[in-house]
Amino acid sequence: MFLAQHADEIGAIVVSGVTRVDPELMAALPNLKAVVNFGVGYDNIDVEAAAARGITFLPTAVAGASRWE
């Protein structure tokens, strides 16, 4: 329910390694620009779908760095 009510307001999400970020979730969040995965790697993220939508995906080790591009 929360996602449906606030989907247009969400530009980034932080997920755990068990939360699947698939094309359906990405489509439900039209302004999504970044996915940060709390853990190592990003096996739970459909990277092809994210790249096709211009969505950046990062593990927390990179997102927590003082500088990243």
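The values are calculated or read from the model by the stated rules, or taken from the named source; none is laboratory data. Because the structure is a prediction, the values reported are computed rather than measured. Accessible surface is based on the protein model in full, side chains and every heavy atom, while ligands, DNA and RNA are left aside. Shrake-Rupley method; radii C 1.70, N 1.55, O 1.52, S 1.80 Å.
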### Query
N31 to T56: extension gain in nm, 0.36 nm per residue of separation minus the Cα-Cα distance?
7.8 nm
### Task
For L3, tell me the accessible area in Å² from a 1.4 Å probe, rounded to the nearest 10.
70
### Query
Carbon and sulfur atoms: what percent of the 1.4 Å accessible area of the chain do they account for?
57
### Task
Report, by chain and number, residues whose modeled amide H sits under 5 Å from the one on V14, excluding near sequence neighbours (fewer than 5 apart, same chain).
V36
### Query
Which ³J(HN,Hα) values, rounded to whole Hz and listed in residue order, are derived for the range 7-16 from phi using the Karplus coefficients 6.51, -1.76 and 1.60 in 6.51 cos²θ - 1.76 cosθ + 1.60 with θ = phi - 60°, glycine and proline given as x?
3, 6, 8, 8, x, 8, 9, 10, 10, 8
